[in-house]
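The values are calculated or read from the model by the stated rules, or taken from the named source; none is laboratory data. Model, not experiment: these values are computed from the prediction. Backbone-built Cβ (ideal geometry, glycine too); neighbour counts: all protein chains shown.
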Amino acid sequence: MQFQQGKPAIGIVFDSDLGNGVDAALALALLYGLEGKNEARLVSNSTSRSNLKSAAFAEVLARFYAGPPPAAGGFGGFQRPASPIGMAGEGSLAGDTPVLKVVLEKKTADGAPAWPHSIDKLNDTADPVPLIRNALTAQNDANCMVTLAGPATNLVKVMDLPGALDLISRKVKLLAIAAGSYPDGRADVRIKADVAAAKRLFAEWPTPIVAVGTEVGDALPFPGSSIEKDFAWAPAHPIVDAYRANGTMPYDAPVPSMAAVLYAVRPDGYFKLSAPGAIGVLEDGRTRFTPAAGGRHRYLVIDPAQKEKVIQAYVELASAKPAPRQTQRFRPNQKKEAAPPEPAKNQ
Amino acid sequence: MTIMRKALHRRSFLRGMGAVVGLPFLDAMVPAMALGQARAARPPLRMVFAYVPNGIIMEQWNPAYEGKLGELPRILKPMEPHRDDILQLGNLTHNTGRALLDGAGDHGRCSGSYLTGVQVKKTTVDIKAGVSCDQIVAKHLADQTRFPSLEIGMEDARQAGDCDSGYSCAYTNNLAWKSETQPLPPILDPRALFERLFGNGVVLSPETRARQADYRHSILDFVSEDTHKLEATLGPTDRRKLDEYLTSIRDVEGQIERAEKTNAQIDPHMEKPYGIPADFAEHFKLMTGMITIAFQADLTRVVTFLMTREGTSRPYREIGISDGHHPCTHHQNKPDLIEKVTQINTYHATQMAGWVDQLKSAKEGGGRLLDNMMLVYGAGLSDGNRHLHEDLPTLLIGNAGGAIRTGRRVVYRKETPMCNLHLAMMDRMGIHMEHFGDATGQLSFAELT
């Protein structure tokens, strides 16, 4: 165990509609790939689908990418338990999806669950609101990104906590949202799922926002051919099972959430950004971008010259083998102290 | 004291020669016409936090089930006679006890944040926490009882120095914080607590106390004149109540005297005050006995009880464990050390069970004293080996005057703030706050009832 000085890799708060297609699952896979390279840390993982299978799928992915456990022995504080998965207690997205059913109901040859998990009831999951807030409290200032790959339901509830806006302002550099169409376009299901929350999020979130529209997801899809090839190192892989369950192979899946995560962790060299402005949400779930100098919102723009590079990053990171995690501990700065004061007296 | 034909005041005292003895709730305190109403009225609620350090062996604390409490795990086995009076809460979390960029020092943080709900400042000098929930209640009830609150402990009330990786001993050795910079040190010495409860506020020197001891048998001797006057005005039920109550005071006093004599014989140079029994169980019984009396006499409604200080390395030779508590908790999954911690945890629970017995036996307003209490028995760490701050071991004992349905295990969602419980308890005590610590809302009493 080595103690390091300074900031750890950037923390990522990931909130998604996991199981609604494969976009969020692939984004998580990419994020785990970045974590394996110590470029990012997944500090909070929650789903806005109020469905235990969505949370269980998140746990399956976390277990798969966790890598070998740390060596036993030594101070027990170095052996932290897995972080809980947050799940919305209510919301419009609640039903099962083919992805969730196939992955979680898959059995091994001897009839055991192929992807075991411990989430069976509501209190096996975390309340996403304190989960996200608590994760933020543990980050260095300006060393955290929030990526939203689903409705804004959970994030606006975090904003409602006392002191949360100040906390977010201090800890979060950027909110990357994979929802909407830009500068305008069709209504996105992630916005429509909770229009009121989306409106509030864009209007009141205190940090810069970069939105990734469906147009980016459509133009830079994840190549279905990679599923058969690049993930073949694993005899069984939950992403492969999810991808196959989501559509008839071969197909290329739109993955705006992968773009959002990639941009959040590697902001340079893959995408361009729009001019600053403001994103508004219409009642029917469509988004509108209005350019404005000094605006806090931008949207991601495809750089035609970097398309192949982006796809390559998607594939390499999402299909990477789980790497042993380096448990890093950072020493806070120590200050010299003056003489102790008089002890307090009992009342 | 003036004995009146009309109702005896609830806060009447027996006085004499520097002694002030509060009275338990008597029928005579209510006008005859109103007696029926008074019996139907709700007695005051009391809030207690009894804290054990260094976490718990959770595998032996949490039952494998939820809902109605049945067979309890090994550590809680001594509580089985009381399971109908217990609400076992799961998954409560103190995020502010976690490192949150402050590095090592989980013991200092967890006790400092336990009732304050804030991340305490890592320092040995300019300490800073927050007003604890017990003190918020104490301030609110200050004019209703003789003592707004009582802070009780059984070990080490040092307020300065480094007790955990740069955290002041003020964090590990106190639970109650009157302001963000003023902790309230616990009273450790039974004699000091006795004199606080029954003295007139004058602190006696050991010499004066010794001279007093030469000529008196009991503090009750000083108030005997008032006692006789009062008894003459009471009916048989009240006389019996008063007799039982004064007997319990005399018992406590006798135990203190015996402890003082024993300690002097064992080692006249011992560092502990002579009133502190060497035996943990005896000390526990004395301190909790006096808390019970304080509640009976309505001397206070708010108590914090730090059984031993957070991070303590106290050995438990009483049960054959000569290793320190804290080192044992870093067991690294070695069975022999886990067994020792389990035995210590069980020993603590055994003492608590004895106290609950007493609180159930003490009658009040036609019911039991325990029925008018919320007694939280818990710790600021769950797994002491890994220093975990989630799923904190928490028993809520007593039903808050019928507001809480006990006899169950309720497991909340992960990361549910412990402060949500504090907020709910303060609400029951009559303090309606929007926010406290890092609470996200009141722990739902709908789920608790």
inquiry  = Scan region A:254-271 and tell me whether some residue there is touching a helix residue (DSSP H, G or I) at 6+ places or on another chain (Cβ under 6 Å) and farther than 18 Å from A:Ala25 by Cβ.
reply    = yes
request  = Restrict the check to region B:335-348 and report whether at least one residue is surrounded by fewer than 19 Cβ atoms within 10 Å (Cβ to Cβ), in contact (Cβ under 8 Å) with a residue 40 or more places away in the chain and of a type in the set (A, V, I, L, M, F, W, C).
outcome  = yes
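Just checking, which of B:Gln119, B:Gln159 is modelled with pLDDT of 95 or more and either within 25 Å of B:Asn372 (Cα to Cα) or of a type in the set (S, T, N, Q) (or both)?
On the way: B:Gln159 fails: modelled with pLDDT of 95 or more.
None of the others qualify; the one that does is B:Gln119.
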task = Please enumerate the residues belonging to region A:107-142 that are hydroxyl-bearing (Ser, Thr, Tyr), within 12 Å of chain B (Cβ to nearest Cβ) and in a loop (DSSP other than H, G, I, E, B).
result = A:Ser118, A:Thr125
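Give me a count of the residues in region A:80-99 that are of a type in the set (S, T, N, Q) and either within 14 Å of another protein chain (Cβ to nearest Cβ) or within 12 Å of A:Thr153 (Cβ to Cβ) (or both). Spell out the reasoning first.
First pass over region A:80-99, keeping only residues of a type in the set (S, T, N, Q): A:83, A:92, A:97.
If we keep only those that are either within 14 Å of another protein chain (Cβ to nearest Cβ) or within 12 Å of A:Thr153 (Cβ to Cβ) (or both) as well, we get A:83, A:92.
Here the count works out to 2.
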request  = Given the conditions (1) within 11 Å of chain B (Cβ to nearest Cβ); (2) more than 20 Å from the chain's Cα centre (by Cα); (3) of a type in the set (A, V, I, L, M), report the number of the one that A:Leu104 does not fulfil.
outcome  = (1)
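Here is a yes/no grid of residues against (1) within 14 Å of another protein chain (Cβ to nearest Cβ); (2) under 22 Å from the mean Cα position of the chain (by Cα); (3) closer than 23 Å to B:Gln358 by Cα; (4) small (Gly, Ala, Ser):
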residue	(1), (2), (3), (4)
B:Gly380	no, yes, no, yes
B:Glu390	yes, no, no, no
B:Ile397	no, yes, yes, no
B:Gly401	no, yes, yes, yes
B:Glu415	yes, no, no, no
key: Subset of region B:119-139 (residues that are more than 19 Å from the chain's Cα centre (by Cα) and not aliphatic (A, V, I, L, M))   = B:Gln119, B:Lys121, B:Lys122, B:Thr123, B:Thr124, B:Asp126, B:Lys128, B:Gly130
task = Give the residues of region A:144-167 that are within 10 Å of another protein chain (Cβ to nearest Cβ) and of a type outside the set (A, V, I, L, M), sorted by residue number.
result = A:Lys157, A:Asp160, A:Pro162, A:Gly163
query = Looking at A:Gly77, is it modelled with pLDDT of 95 or more and at the interface with chain B (Cβ under 8 Å from one of its Cβ atoms)?
reply = no
key: In region B:107-148, the residues that are surrounded by fewer than 24 Cβ atoms within 10 Å (Cβ to Cβ) and among the small types (Gly, Ala, Ser)   = B:Gly130, B:Ala142
query = Taking B:Val125, is it among the β-branched types (Val, Ile, Thr), more than 30 Å from A:Pro130 (Cβ to Cβ) and touching a residue at least 12 places away in the same chain (Cβ under 8 Å)?
reply = yes
inquiry  = Looking at the structure I just gave you, is A:Leu300 surrounded by 13 or more Cβ atoms within 10 Å (Cβ to Cβ), part of a strand (DSSP E or B) and within 23 Å of the chain's Cα centre (by Cα)?
reply    = yes
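If a residue counts only when it is aromatic (Phe, Trp, Tyr), within 13 Å of chain A (Cβ to nearest Cβ) and out of contact with any Cys (no Cβ under 6 Å at 6 or more places or on another chain), which helices (runs of 4 or more DSSP H) contained entirely in region B:103-192 have at least 1 such residues?
On the way: elements: B:106-114, B:133-140, B:169-172.
Ranges flagged: B:169-172.
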message = Criterion first (within 14 Å of chain A (Cβ to nearest Cβ) and small (Gly, Ala, Ser)) does B:Gly70 satisfy it?
response = no
remark   = When every residue in region B:67-102 that is aliphatic (A, V, I, L, M) and part of a helix (DSSP H, G or I) is compared, the one nearest to A:Lys7 (Cα to Cα) is B:Ile75
message = So in region B:357-378, with the set limited to residues that are among the charged types (D, E, K, R) and assigned to a strand (DSSP E or B), which one is nearest to the other protein chains (Cβ to nearest Cβ)?
response = B:Glu364
query = Would region B:308-321 turn up any residue that is out of contact with any Phe, Trp or Tyr (no Cβ under 7 Å at 6 or more places or on another chain), within 14 Å of chain A (Cβ to nearest Cβ) and touching a residue at least 40 places away in the same chain (Cβ under 8 Å)?
reply = yes
